[in-house]
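Below is one structure, written out as structure tokens; the observations come after it.
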Amino acid sequence: MLYRYLAEHPAVSALTGGVRATNEGQHNQTVYPADDDHSKGGRFAFNPQARMLEDSPLVSDENRAKLFAEWSRLWDTSKPVLLEKSPPNLIRMRFLQAMFPASSFVVILRHPIAVTLATQKWGAIRPYRLLQHWLRAHELMAADVPHVRRLHVIRYEDLVADPDAVLGGVFGFLGLDDPAAGRERAEGVNPDNFEADRTLRVGVNDRYFDLWSERRTGLVRRAYYDACKLRFERPVRRFGYSMLVPSRLTAPSLPLPGLTPVAPQAPAPAVHVG
């Protein structure tokens with residue numbers, strides 16, 4: 001959703017026409033392994049090979065040129081901002097920054113219960129394991145924050161509640177004017193459709209929270225789901241979420257740029273990978 005909104009900006013080009021409908025950059029390159037190899041949804045954060053840093057042997061001028069050439073086939077390189085998204089980027093920002101030093105990264109968080117139940121649709125993984133994966137992936141991301149020069153973190157819940165404010169913050173981080181600011185429209189954006197584009201479906205998380213509660217049937221299941229809530233309550237609270245009261249959002253205790261005050265950052269670079 002965030003990717004689509006950013007891609008609608010007239011100064012942004014997203015990958016299009018890739019080998020899969022998701023147009024994820026990882027599936028449209030041959031430099032590093034994609035999730036078919038060891039980065040599958042709900043699993044990648046547990047696999048050491050999926051975790052890539054600036055000291056990866058794959059970081060080289062040759063691979064940098066090759067990766068940019070492969071992605072450029074799916075970009076309009078006449079635009080100043082080039083956009084890529086793949087879920088394992090969450091734990092690969094330092095690698096991508098080493099490949100493209102001018103990169104900017106936009107991370108979107110979402111409640112672990114919603115992510116867990118959504119991910120279950122794609123594989124038979126138990127909720128406890130998926131919650132473990134959510135926590136592991138986000139802890140790795142948080143550990144990378146001091147090493148990533150340009151990073152902006154938002155929450156899905158904030159985006160749904162106030163899309164103009166959140167998207168305005170992201171555009172500002174990228175050094176772009178927000179097409180919706182002051183009810184003005186940027187060149188190339190259809191004013192008749194733009195407002196509709198920012199009408200988000202509300203209550204999606206609530207349906208996942210209701211499903212979580214509905215699954216607590218019988219003594220064993222109730223004990224299992226309650227144990228999950230108790231086990232992960234404290235660690236997910238560091239990211240501003242609660243397992244015990246899923247609808248409650250708080251300020252994260254971790255330094256996450258965009259969600260917590262940080263020092264001013266340099267002007268946006270010409271190429272963004274996020």
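Read-outs throughout are calculated quantities, based only on the coordinates presented, and are distinct from any laboratory measurement. Remember, predicted model here, so these are calculated numbers, not experimental data. In this analysis, Cβ positions are derived from the backbone assuming ideal geometry, glycine residues included, and neighbour counts consider all displayed protein chains.
Using only Cα atoms, locate the centre of segment 231-256 and the centre of segment 80-151, then give the distance between them in Å, rounded to an integer.
So the separation of the two Cα centres works out to 17 Å.
Given +1 on the Cβ of Lys and Arg, -1 on the Cβ of Asp and Glu, and no further charges, what dipole in debye does the chain carry about its Cα centre, rounded to the nearest 20?
Value, rounded to 20: 1360 debye.
For the chain, find the longest principal axis of its Cα atoms and tell me its angle to the long axis of helix 204-214, 0 to 90°, nearest 10.
It works out to around 20 degrees.
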